[in-house]
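Participant: Got a structure here, written out as structure tokens. Questions coming.
The values are calculated or read from the model by the stated rules, or taken from the named source; none is laboratory data. Note that the structure is a prediction, hence the values are computed from the model and not measured. So basically every Cβ, Gly included, is an ideal-geometry build from the backbone, and we count neighbours across all protein chains shown. Accessible surface areas use protein heavy atoms only, side chains included; no ligands, DNA or RNA. Shrake-Rupley method; radii C 1.70, N 1.55, O 1.52, S 1.80 Å.
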Protein chains: 2
Amino acid sequence: MSKVKPEIVGIIAEYNPFHNGHLYQLQQVKERFPGAKIVVAMSGNFLQRGEPAAFDKWTRATQALANGADVVLELPVADALQPADRFAFGGVRALAAFGAEVLAFGAEHATYDFMAYARLTQNLTGNFKKYDQAYAASWQEAIAQKIGHEVSSPNDLLGLAYAKANLALGEPLSLYPIRRIKAAYHEEDLYKDQVIASATAIRQAYLAGKLTDLQAYVPKSTFVDLQSQKMLSWADFWPLLRYRLTMARIEDLGQIYGMAEGIEYRLVQQLEQLGPQATFEEWLKAVKNKRFTYTRLSRLATAVLLDLRTEEVKVYQKAPFLRLLGFSQAGQTLLNKVKKNTPYPLVTRVTQKDKQTFLATDYKVGRIYQLLNGRQQDIKRQVIRF
Amino acid sequence: MSKVKPEIVGIIAEYNPFHNGHLYQLQQVKERFPGAKIVVAMSGNFLQRGEPAAFDKWTRATQALANGADVVLELPVADALQPADRFAFGGVRALAAFGAEVLAFGAEHATYDFMAYARLTQNLTGNFKKYDQAYAASWQEAIAQKIGHEVSSPNDLLGLAYAKANLALGEPLSLYPIRRIKAAYHEEDLYKDQVIASATAIRQAYLAGKLTDLQAYVPKSTFVDLQSQKMLSWADFWPLLRYRLTMARIEDLGQIYGMAEGIEYRLVQQLEQLGPQATFEEWLKAVKNKRFTYTRLSRLATAVLLDLRTEEVKVYQKAPFLRLLGFSQAGQTLLNKVKKNTPYPLVTRVTQKDKQTFLATDYKVGRIYQLLNGRQQDIKRQVIRF
């Protein structure tokens, strides 16, 4: 299935935050591919499901490097803030461009032949404009018919998305699924007797003030961050989004990436009806309907917060780039070898010109995030040498 | 000078917050014009000098009604957020439209013949686009030449602005200057042995946590508000403005009322250079130069916060309206008489149609203010019957 001795193994991740499950995955990769370097393509300051990252990209990249990653690349916002298929495509493209030969990923069913499933379902592309519930259900039914059984667990579905992206890109990567253990993705309680809990459970416990309980579930580097930094969530950015929705001209909202079917009117009207005390969750619940799922709306809300326009996403997708956040000593050797040969520019520091041109969108996104965490995100930041 | 028995005396005010000096002024008017009704044209939730009001317009209108005002009208934002000349024009126009015959105002020199000074200086209009320091100085010198002495105290200058507005409107009002006592306008310390302190001094003391000290300087109604409500300032709105400046498209900022000479680039660049920890004052100080005074920039900052566009101000000025906030029992009799005869519409409640048409700007402004104070400002608010 996978190349026996790859030099570079890739992982697509969000590390929100980095926990023992992520550590386990890196250890599995090192055991299976001794001597290989691990390159991670990681979401930046805003995540795939449409929410601010708990810690900024530098903190999360450092957590990864402290626990076995050799190179961390940032997935630009136009790749990260996407439905699973497009998120997968951006991740696979970045890893392939960096020279990865294997993609390792967690799956509920690591024995599935994801590439075979991808080939069986490659004509099931669906309508990218529609991400409503009915569409999701009928899509899963179509997959089941093609493959012969359901593929419905969240990480299996993401694995299938990786496989399809890989297929579309000419199969630059071999896939190496790793069986996920112990914690379910959506789990929100800690299992007292287990050392792995989901990122969601960890964030919930943190917000509930149970910081010391978390020591068992995260590597030391993450625990230090949990103690010293404020974890951010939608609650922190909601006052800004609420202001934006109150102040915005409706025609400007219409230019936001992902805005469709006049939903911008609903976003504004529901907030107005709920009044000034509404929370983010109350607002999203009021806006939600059959055609707009919670996750799709969360992404849309993030795009509004960031003023991410359709045009900006198009510009990036026509000319993608790789953004380096950090590397280990072993990663440095790899970088020296790779950096001249990437098919897209590899950005190692942000210049004044960059932030006015191709990096303008990610630079803006970083500045919005830093309004809440108070730390420069791009200018004046050195790549992490771990 | 003033009509001997006017039925309606007008006052232009901000009441930020209402204090003993304001009470003294109302008492002086009642003493001088027994039986007259007092109509106040008051700034709404954002003030002439470019700052959020300490308390919302309903709270401040109630303070005025509790202390002797009979009718309180709101000066729409397009009248309030203006240099002194235009602010004065909006106030005089509103009072005249409501049928006021006298305008009472505080002045450092109540013996000045303001209308005579207005006639002497009526051709000194200056360039409205220029409000820099050099302009202010040369304007004052020109006034002094025409009149024969300086007119330089802040309330005298405002009185002159009222007189000029009155002249421009065909002198609908007689002017009644009242000598201001005891507290200087810009004073920032409380005088322990005096019962009058400036609004600025009161806000400073409040922010310094000296709430109980304030009991001597404000009427009871204001003191109750000081105890029960959070006073708002730029510090509260700065996170929103900072976000707006971080997220905004530069071409949108160019449409903001008062934006000139490409200052929008400077607003954005200085914030970027100061970094994510800068305060409102630090930012304004960094932006300030000879051509843009602190007050002009504060107004501009408010216009950015409110997304107040040049076009919106034009629309209002072509079709102004009167907005009723509240009235006393005596005020009600007056209202019944006046309301059918005002030359502009008198808005007593905000309908769904109003907020989408001529009231759209003020409605938006109210919603932005209520993001911070949590109280509906327009829809669902009844006019105050005191």
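Participant: Per 10 Å bin, what percent of the C-alpha pairs of the stretch B:234-311 does each bin hold, from zero upward?
Facilitator: Taking all Cα pairs of the stretch B:234-311, the binned fractions are 20, 61, 19, 0 percent.
Participant: With θ set to phi - 60° and the Karplus curve 6.51 cos²θ - 1.76 cosθ + 1.60, what are the ³J(HN,Hα) couplings of the stretch A:311-324 in order, to the nearest whole Hz, using x for Gly and Pro?
Facilitator: 4, 5, 5, 4, 4, 5, 5, 6, 9, x, 9, 10, 10, 8
Participant: Work through the residues other than B:Thr302 whose Cβ is under 10 Å from its Cβ and net out their charges, Lys, Arg +1 and Asp, Glu -1.
Facilitator: Values: positive: B:Arg49, B:Arg299; negative: B:Glu51.
Summing Lys/Arg as +1 and Asp/Glu as -1 gives +1.
Participant: Round to a whole number: what % of the accessible area of chain B belongs to carbon and sulfur, probe 1.4 Å? Intermediate results must be reported in sequence, preceding the final value.
Facilitator: Values: 8080 of 16090 Å².
Here carbon and sulfur together make up 50 percent of the probe-accessible area.
Participant: For n ≥ 4 DSSP H runs only, could you compute -39500 (n - 2.57) per run for the protein assembly as shown, divide by its residues and tell me the 222 nm figure to the nearest 500?
Facilitator: Working: 36 runs with 368 residues, N = 772.
Calculated at 222 nm, the ellipticity per residue is -14000 deg cm²/dmol.
Participant: Can you check what the net charge comes to around B:Val218, using other residues whose Cβ is under 13 Å from the Cβ of B:Val218 (Lys, Arg +1; Asp, Glu -1)? All intermediate terms of the calculation are to be shown ahead of the outcome.
Facilitator: Working: positive: B:Arg60, B:Arg203, B:Lys210, B:Lys220; negative: B:Asp213, B:Asp225.
Net charge around B:Val218: +2.
Participant: Within 10 Å of each Cβ in peptide B:361-372, how many partner chain Cβ atoms are there on average? Round it to a whole number, please. Can you show the working numbers first?
Facilitator: Details: counts 0, 0, 1, 4, 1, 1, 9, 4, 1, 4, 6, 3.
Per residue, the average neighbour count from other chains is 3.
Participant: Please give the average number of partner chain Cβ atoms lying within 10 Å of the Cβ of each residue in A:236-246, rounded to a whole number. Could the numbers behind the result be given before it?
Facilitator: On the way: counts 0, 1, 0, 5, 7, 1, 4, 11, 4, 1, 8.
Mean partner shielding for this stretch: 4.
Participant: Using the Cβ atoms and a cut-off under 14 Å, what net charge is assigned to the surroundings of A:Phe18, where Lys and Arg are +1 and Asp and Glu are -1?
Facilitator: On the way: positive: A:Lys57, A:Arg60, A:Arg203, A:Lys220; negative: A:Glu14, A:Asp56, A:Asp225.
In short, +1.
Participant: Another question, then. Enumerate the amide H contacts of A:Tyr176 below 5 Å, restricted to partners 5 or more residues apart or on another chain; note that Pro and chain-start residues carry no placed amide H.
Facilitator: A:Leu103, A:Ala104, A:Phe105
Participant: Let me ask something else about it. Would you work out the charge dipole size for chain B about its Cα centre, treating the Cβ of every Lys and Arg as +1 and the Cβ of every Asp and Glu as -1, and quote it to the nearest 20 debye? Can you show the working numbers first?
Facilitator: On the way: 49 positive and 37 negative charges, 204 e Å.
The dipole magnitude comes to about 980 debye.
Participant: OK, next. Do any of B:Lys290/B:Lys314; B:Lys314/B:Lys337; A:Lys164/A:Lys339; B:Lys30/B:Lys340; B:Lys5/B:Lys30 go past 23 Å between their Cα atoms, and which? Don't jump to the answer; show the numbers that get you there.
Facilitator: Details: B:Lys290/B:Lys314 27 Å; B:Lys314/B:Lys337 30 Å; A:Lys164/A:Lys339 27 Å; B:Lys30/B:Lys340 26 Å; B:Lys5/B:Lys30 11 Å.
Result: B:Lys290/B:Lys314; B:Lys314/B:Lys337; A:Lys164/A:Lys339; B:Lys30/B:Lys340 exceed 23 Å.
Participant: Continuing with this model, one more query. Can you list the aspartates and glutamates whose alpha carbon sits under 12 Å from that of A:Lys288, skipping same-chain ones fewer than 8 residues off?
Facilitator: Answer for A:Lys288, where 12 Å is the Cα cut-off: A:Asp132, listed by chain and number.
Participant: Which residues' amide hydrogens lie under 5 Å from the amide hydrogen of A:Val40, considering only partners 5 or more residues apart or on another chain, with H built in the peptide plane?
Facilitator: Long-range HN contacts for A:Val40: A:Ile11, A:Asp70, A:Val71, A:Val72, A:Leu73.
Participant: I'd like the Karplus ³J(HN,Hα) series for the stretch B:232-241: coefficients 6.51, -1.76, 1.60, θ = phi - 60°, whole numbers in Hz, and an x wherever there's a Gly or Pro.
Facilitator: 9, 8, 4, 4, 6, 8, 4, x, 6, 5
Participant: Enter the mean number of other protein chain beta carbons within 10 Å of the beta carbon of each residue in B:249-257, as an integer.
Facilitator: Values: counts 5, 0, 0, 3, 0, 0, 1, 0, 0.
Mean shielding by partner chains, rounded to a whole number: 1.
Participant: For B:Arg309, list long-range residues whose amide hydrogen, built 1.01 Å from N in the peptide plane, is under 5 Å from its own amide hydrogen.
Facilitator: B:Tyr257
Participant: Rounded to the nearest whole Å³, what is the per residue volume of the convex hull around the Cα atoms of the stretch B:271-386? Could the numbers behind the result be given before it?
Facilitator: Values: hull volume 19.1 nm³, N = 116.
Dividing the Cα hull volume of the stretch B:271-386 by its residue count gives 165 Å³.
Participant: Here is a follow-up. State the percent of C-alpha pairs, over all pairs in chain A, separated by a distance greater than 38 angstrom.
Facilitator: Distances greater than 38 Å cover 15 percent of the Cα pairs.
Participant: So what's the protein assembly as shown giving for Cα Rg divided by 2.2 N^0.38 Å, two decimals? Kindly include the intermediate steps, with their values, before the conclusion.
Facilitator: Numbers: Rg = 31.6 Å, N = 772, 2.2 N^0.38 = 27.5 Å.
Compactness ratio reported: 1.15.
Participant: Quick check on my link table: of B:Lys220/B:Lys353; B:Lys37/B:Lys380; A:Lys220/A:Lys355, which ones sit more than 31 Å apart, alpha carbon to alpha carbon?
Facilitator: Values: B:Lys220/B:Lys353 38 Å; B:Lys37/B:Lys380 28 Å; A:Lys220/A:Lys355 35 Å.
In this structure, B:Lys220/B:Lys353; A:Lys220/A:Lys355 lie more than 31 Å apart at Cα.
Participant: While we're on this one: Any chance you could look up the accessible area of A:Arg291 with a 1.4 Å probe, heavy atoms only, rounded to 10 Å²?
Facilitator: Per-residue accessible area (A:Arg291): approximately 100 Å².
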